[in-house]
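Chemist: First, the structure itself, so that you have it in front of you.
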Amino acid sequence: MRSAFGVETVRAAERELMARLPEGALMQRAAAGLAAACAELMGRVYGRRVVLLVGSGDNGGDALYAGARLARRGAGVTAALLSPERTHPGGLAALRRAGGSVQSTQHDEGDTAVERAIRSADLVVDGIVGIGGKGGLRPDAASLAELAESSRAAVVAVDLPSGVEADTGEVRGAAIHADLTVTFGTHKPGLLIDPAREYAGSVRLVDIGLSLPDEAEAEALQHADVAALLPAPGAESDKYRRGVVGIAAGSSRYPGAAVLAVAGALRGGAGAVRYVGPAGDAVIARFPETLVSDQGPKRAGRVQAWVVGPGAGDDAQSVAEVLAQDVPVLVDADGLRLADRDLVRARKAPTLMTPHAGEAAALLGVSRESVEAARLQSVRELSERYVATVLLKGSTTLVASPGGGPVRVNSTGTSWLATAGSGDVLSGLAGSLLASGLSALDAGSVAAYLHGLAGRFAADGAPVGAHDVSESIRSAWRDVMS
């Protein structure tokens, strides 16, 4: 499990640790890890040209001390100081002793020495703003960020790309685009959550000895975590003990949504799938093992969980019947529009809602752009508003539970998953995991993880259809369990 903690939690842990260490020891730990990562990225240190973009405070100090280590190994290191009067004095002295050069970015116009250094650099180290930065880069720093991005140099961010917000993953202005981010002590939510995640590049975590709380602000499952959650039949299992998932989906206009939701459900670990809706013939033709009913959800027979909404059109009655049942329910697609909020809030059994950004925007009464810019805030707000677990789809899928707790972040997917019907497969898969006994949080996050892997396996760098994704779920499952 990768855990991410917010700024105040990290700072409190740093203060506690610094009180027990000699002065400056914690910064030296960070600088040593940063220098090692930079050296590994460059491959060879001697003769390389390195530019440090140095702001005020400890973030700039980390960059300066790391630069001093690289200079002692034969790199040509130039520090570009954005705030000379507030530059970390110890780091600056260390760089000068190691033979590094120093330039100020203030009061210069035209083709300055700093600009020339960046254009010819092999590596640019971003030490402009630390984890407390808000609101994007100032104009002078933004111009350096543009220069670094347009240069041939690799860009390494110190702890977090300058200009992105550590706690939320929001990017409110110009920011550094890093090839590698070297973060200290723990991940920060902004390194896991888009849009900030896109600015971070690869992320390398350097352990500096922080003692952190048991509960993080955000967390990301890994293979071992998913493997521990996946259901497996025992010697005494039968189809009912393994769980039965009901699928109320599809319409005369969208029969394929039903087929795809059933496809995902059949590969999700439940023992049986009941289908209810007008696309029964299409479902049976593709999956004859499905139990099909035309009597509506109320009379469909025993299920341990329901999926309702994919391709449902205006079938509000089926949505209401499903929500009235005392079993876990996943609501997706048209079901999100048709579900009565008060009915969802009043449910005693778990509810899992799976909107994409546009659907979440409609439910929150805001623009899609607002949701995409503040994904963490949006998923939390929606979860509290509906008293439901919410899976917000996207390049990084977020899963939030009502009442707080860590938000689960999934980034296994691929942009090829942005294809019609992909979400229907995900809904069926998550519903099947609900029926097999997983909590709404676990079912949503495990389904997103497997669905993302399946998308990668199916696409393999080429366009992919939703049916291909469903067929690759078994490969993803085996990969996790191997």
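Chemist: As a test of understanding, state the convex hull volume per residue of the chain from its alpha carbons, in Å³.
Modeler: Cα convex hull per residue, to the nearest whole number: 156 Å³.
Chemist: If you don't mind, there's one more thing I want to ask. In what sequence, highest mean first, do 365-371, 58-64 appear when ranked by Cβ atoms within 10 angstrom?
Modeler: Per-residue mean Cβ counts within 10 Å order the peptides as 58-64, 365-371.
Chemist: Taking the inverse of the average 1/r across all pairs of different Cα atoms in region 1-147, what Kirkwood radius in Å do you get? Please list the in-between numbers first.
Modeler: Working: mean 1/r = 0.0630 Å⁻¹.
Result for region 1-147 stands at 15.9 Å.
Chemist: Give me a comma-separated list of calculated 3J(HN,Hα) values for region 416-429, in order, Karplus coefficients 6.51, -1.76, 1.60 applied at θ = phi - 60°, integers in Hz, x for any Gly or Pro.
Modeler: Along region 416-429, the couplings run 5, 6, 6, 9, 4, x, 4, x, 5, 4, 4, 4, x, 4 Hz.
Chemist: Over the chain, what is the percentage of antiparallel beta bridges among all DSSP beta bridges, to the nearest 5?
Modeler: 15
Chemist: Ok, one more. Is it possible to state the helix-based mean residue ellipticity at 222 nm for the chain, with each DSSP H run of 4+ residues giving -39500 (n - 2.57), the sum divided by total residues, to the nearest 500 deg cm²/dmol? What is it?
Modeler: Working: 21 runs with 201 residues, N = 482.
Result for the chain: -12000 deg cm²/dmol, rounded to the nearest 500.
Chemist: May I pose another question? Output wanted: per-residue J couplings in Hz (rounded whole) for region 392-407, from phi through Karplus 6.51 cos²θ - 1.76 cosθ + 1.60, θ = phi - 60°, x for Gly and Pro.
Modeler: After applying 6.51 cos²θ - 1.76 cosθ + 1.60, I find 8, 6, x, 4, 10, 7, 10, 10, 10, 9, x, x, x, x, x, 8 Hz.
Chemist: Given a 1.4 Å probe, how much area per residue of the chain is accessible, in Å²?
Modeler: On the way: 19570 Å² over 482 residues.
In whole numbers, the chain has 41 Å² accessible per residue.
Chemist: By how many nm would the segment from D460 to E215 grow when fully extended, if each residue of separation counts as 0.36 nm and the alpha-carbon distance is taken off?
Modeler: 84.6 nm
Chemist: Still on this model: Quick one: P(r) of region 403-482 from all Cα-Cα pairs, 5 Å bins, percents rounded to integers, in order of increasing distance.
Modeler: 3, 17, 26, 25, 17, 7, 3, 1, 0
Chemist: I need two numbers for region 332-482: Rg to one decimal and Dmax as a whole number, Cα atoms only, in Å.
Modeler: 14.8, 44
Chemist: Give the dimensionless ratio obtained when the Cα radius of gyration of region 275-387 is divided by 2.2 N^0.38 Å.
Modeler: Ratio of Cα Rg to 2.2 N^0.38 Å: 1.15.
Chemist: Counting only protein heavy atoms, what percent of the accessible surface of the chain is carbon or sulfur at a 1.4 Å probe?
Modeler: 47
Chemist: Please report Rg over Rh for region 123-171, where both radii come from the alpha carbon positions and Rh follows the Kirkwood definition.
Modeler: 0.95
Chemist: Sticking with this structure for a sec: I'd like the Karplus ³J(HN,Hα) series for region 114-120: coefficients 6.51, -1.76, 1.60, θ = phi - 60°, whole numbers in Hz, and an x wherever there's a Gly or Pro.
Modeler: 5, 4, 5, 5, 5, 5, 9
Chemist: How long are the semi-axes of the equivalent ellipsoid of region 190-229, defined as square roots of 5 times the Cα gyration tensor eigenvalues? Whole Å, largest first.
Modeler: The answer is 20, 17, 11 Å, longest axis first.
Chemist: Could you tell me the convex hull volume per residue, in Å³, taken over the Cα atoms of region 113-261?
Modeler: Numbers: hull volume 32.2 nm³, N = 149.
That works out to 216 Å³ per residue.
The values are calculated or read from the model by the stated rules, or taken from the named source; none is laboratory data. Being a predicted model, the structure only gives us computed values, none of them experimental. Every residue, glycine among them, receives a Cβ derived from its backbone with ideal geometry; neighbour counts consider all protein chains shown. In case anyone asks, the SASA skips ligands and DNA or RNA and just uses the protein heavy atoms, side chains included. Shrake-Rupley method; radii C 1.70, N 1.55, O 1.52, S 1.80 Å.
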